[in-house]
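Okay, so here's the structure we're looking at.
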């Protein structure tokens with residue numbers, strides 16, 4: 001077979017008319033190697049699932065799904081060694097494994113070969129799968145032997161549903177067989193921009209409670225893949241409408257119907273959902289019916305900011321996806337902190353308490369410590385940007401304190417603050433207030449480029465100086481004075497060592513006088 005060929009004609013039923021299968025040269029090269037390995041061992045094999053779907057759609061993919069009539073736990077390690085890849089066991093009960101090929105081709109760092117054990121014949125195997133668009137197969141041997149003439153095995157009408165752009169279960173018991181499919185349906189609809197059929201949506205609604213049986217790791221993976229899409233806000237609302245969201249995050253149910261001050265357009269739950277949609281809008285990923293070009297023009301944006309939000313935090317998560325998760329959870333503590341003070345609703349301490357609750361939720365869903373820390377910081381400090389200055393722009397000292405406290409989550413918190421503002425006012429957004437808020441964010445972000453020089457200015461004195469020159473003893477007092485010096489440096493008040501020593505001398509004299517008084 002010519003592995004440089006990248007367009008294969010498709011000869012099958014009418015449901016595939018207009019669809020041409022495109023297999024990239026790299027994928028073809030891997031398929032040839034897999035076929036040689038299996039053929040030597042007389043093992044029947046089929047290409048299945050997402051690889052067929054994505055290939056028929058012309059979508060680039062680095063995932064190859066293969067069903068084999070053999071013991072995956074025995075054959076998988078042997079194939080990995082033959083292909084020069086790493087073997088990973090995914091499910092020893094259902095006999096599912098993965099082979100990861102590292103840097104064997106210039107266009108991709110990794111390829112993934114997912115192996116599953118064939119359940120009876122191929123049609124019985126496809127009947128166990130989740131959605132019709134994933135329940136198609138191609139015999140690997142026939143593809144390699146005659147790439148110009150082969151058939152797609154499609155007993156459940158996946159080709160037609162692919163053309164209709166529909167997510168439809170293969171059987172009504174699909175979610176009972178594997179409840180994570182409840183989330184996967186939403187994730188596929190988001191990733192492919194498909195619609196979930198009314199019948200499948202009804203099945204999701206009637207089976208939503210089953211998601212509680214799914215391990216946190218699997219929920220995390222599907223949730224993150226939804227959040228990374230441009231319609232994450234809309235999908236979060238769908239999860240709530242179908243009952244899935246309160247099962248995944250039970251703490252969020254308490255926010256339903258909780259009133260907010262008059263300047264808010266929505267209750268706490270709807271405000272939180274709209275905040276996710278506002279993040280999509282601010283990150284230039286999606287539209288928002290209450291947003292406009294004029295609103296977006298006020299928000300700082302650059303290639304540097306875009307790269308910041310696209311950077312990976314942990315396996316499967318980016319700053320953008322975690323920002324949307326923080327947007328969903330930022331007011332999670334409002335129900336328990338709600339009080340009425342001077343005839344006005346207040347939520348004192350909701351940011352700090354919300355950070356604790358959010359951390360607990362993410363721990364339960366098996367997020368990494370790095371992910372938890374970032375979301376926790378965003379929730380804890382989401383009010384901070386608007387508290388830095390009530391008139392004019394923030395001072396250098398205030399910006400120093402902001403970046404000192406928020407660390408590398410500073411930019412993320414600024415965008416959460418903007419999304420929070422949009423989702424609070426909704427259609428009642430005041431242009432002057434918005435311009436002031438966006439102006440503050442611009443000011444703080446512009447200082448981000450010199451963040452290191454602001455937060456970690458050149459050291460003018462250290463603890464030894466305070467001990468040797470001023471007779472101080474090691475302890476908290478030294479840390480407090482050094483922090484005061486750094487703040488004064490950030491504000492441009494101290495430049496030389498001599499100025500700094502004089503500053504410390506005066507501060508110590510002032511403290512002594514206060515003690516005497």
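The values are calculated or read from the model by the stated rules, or taken from the named source; none is laboratory data. Small disclaimer: the values here were computed from a predicted structure and weren't measured. Virtual Cβ from ideal backbone geometry, glycine too; neighbours counted across all protein chains shown.
Observations on the structure shown:
- Unmet requirement for residue 226, which otherwise passes all of (1) surrounded by fewer than 20 Cβ atoms within 10 Å (Cβ to Cβ); (2) within 23 Å of residue 423 (Cβ to Cβ): (1)
- Condition check for residue 356: over 24 Å from residue 489 (Cβ atoms), surrounded by fewer than 20 Cβ atoms within 10 Å (Cβ to Cβ) and at pLDDT 95 or above: yes
- Only one of 421, 382 that is closer than 20 Å to residue 324 by Cβ, in contact with a helix residue (DSSP H, G or I) (Cβ under 9 Å, 6 or more places away or on another chain) and not in a helix (DSSP H, G or I): 382
- Across segment 441-461, the qualifying residues are those that are closer than 15 Å to residue 389 by Cβ and not in a loop (DSSP other than H, G, I, E, B), and the one among them that is modelled with the lowest pLDDT is 446.
- Filter result for residue 182 (surrounded by 22 or more Cβ atoms within 10 Å (Cβ to Cβ), part of a helix (DSSP H, G or I) and in contact with a strand residue (DSSP E or B) (Cβ under 8 Å, 6 or more places away or on another chain)): no
- Candidate set from segment 385-409 (those that are at negative phi and not in a helix (DSSP H, G or I)); member that is surrounded by the fewest Cβ atoms within 10 Å (Cβ to Cβ): 391
- Counting only residues that are free of Cβ contacts under 8 Å to residues at least 60 places away in the same chain and closer than 20 Å to residue 311 by Cα, segment 363-373 holds 6 of them.
- When restricted to residues that are within 19 Å of residue 169 (Cα to Cα), surrounded by fewer than 20 Cβ atoms within 10 Å (Cβ to Cβ) and without any contact (Cβ under 8 Å) to a residue 40 or more places away in the chain, segment 195-223 contains 10.
- Boolean, residue 438 is under 25 Å from residue 281 (Cα atoms), touching a helix residue (DSSP H, G or I) at 6+ places or on another chain (Cβ under 9 Å) and at pLDDT 90 or above: yes
- Some residue of segment 285-295 being in contact with a helix residue (DSSP H, G or I) (Cβ under 7 Å, 6 or more places away or on another chain) and surrounded by fewer than 17 Cβ atoms within 10 Å (Cβ to Cβ): yes
- Only residues that are farther than 25 Å from residue 209 by Cα, touching a strand residue (DSSP E or B) at 6+ places or on another chain (Cβ under 6 Å) and surrounded by 22 or more Cβ atoms within 10 Å (Cβ to Cβ) were counted in segment 131-151, giving 3.
- Selection status of residue 168, surrounded by fewer than 17 Cβ atoms within 10 Å (Cβ to Cβ), touching a strand residue (DSSP E or B) at 6+ places or on another chain (Cβ under 8 Å) and farther than 27 Å from residue 355 by Cβ: no
- Of all residues in segment 302-318, those being more than 22 Å from residue 110 (Cα to Cα) and surrounded by 14 or more Cβ atoms within 10 Å (Cβ to Cβ) number 3.
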